[in-house]
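K.L.:
Sharing a structure with you now.
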Amino acid sequence: MAKPNKKGPTKTVDIFCKSCNFLLFKYRKGGKGALVKCFKERISQDFTETPCVCPQCEKQFARDCLVRGTPAFKMIGGKVWHN
């Protein structure tokens, strides 16, 4: 499998917690599909203290994993939204 593009897209999206609307990440997302995973190298700003846990409501919103050999957060369905 090919690795994700290092440079990545220039368009950033804000990722929020679904339960408390806390801003979790500013992320350089490619494409217009659903948010399934976040590659760590594409996160431009991280507002969380503990990885994959919302600092405000303390609910887990993702899992730490490797996708195509690159560290990423795999989002749990229905836990986050983006604009």
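The values are calculated or read from the model by the stated rules, or taken from the named source; none is laboratory data. These figures come from a predicted structure and were not determined experimentally. For neighbour counting, all protein chains shown are included, and Cβ atoms are generated from backbone atoms with ideal geometry for every residue, glycine included.
K.L.:
Are any residues in region 29-72 aliphatic (A, V, I, L, M), within 19 Å of Met1 (Cβ to Cβ) and either modelled with pLDDT of 95 or more or not in a strand (DSSP E or B) (or both), and if so, which ones?
P.N.:
Val36, Leu66, Ala72 - these are the residues of region 29-72 that are aliphatic (A, V, I, L, M), within 19 Å of Met1 (Cβ to Cβ) and either modelled with pLDDT of 95 or more or not in a strand (DSSP E or B) (or both).
K.L.:
Filter region 29-83 down to residues that are of a type in the set (Gly, Ala, Ser) and over 9 Å from the mean Cα position of the chain (by Cα) and give me whichever is surrounded by the most Cβ atoms within 10 Å (Cβ to Cβ).
P.N.:
So, considering only residues that are of a type in the set (Gly, Ala, Ser) and over 9 Å from the mean Cα position of the chain (by Cα), the one surrounded by the most Cβ atoms within 10 Å (Cβ to Cβ) is Gly30.
K.L.:
Select, from Ser44, Ser19, the only residue that is among the hydroxyl-bearing types (Ser, Thr, Tyr) and over 18 Å from Lys79 (Cα atoms).
P.N.:
Step by step, each of Ser44, Ser19 is checked, and only Ser44 is among the hydroxyl-bearing types (Ser, Thr, Tyr) and over 18 Å from Lys79 (Cα atoms).
K.L.:
Still on this structure, please answer the following. Asn5 fails exactly one of the following numbered conditions: (1) modelled with pLDDT of 95 or more; (2) surrounded by fewer than 16 Cβ atoms within 10 Å (Cβ to Cβ). What is the number of that condition?
P.N.:
(1)
K.L.:
Residue check, Lys26 against (1) surrounded by 12 or more Cβ atoms within 10 Å (Cβ to Cβ); (2) in a loop (DSSP other than H, G, I, E, B), all met but one. Which one?
P.N.:
With (1) surrounded by 12 or more Cβ atoms within 10 Å (Cβ to Cβ); (2) in a loop (DSSP other than H, G, I, E, B) applied to Lys26, the lone miss is (2).
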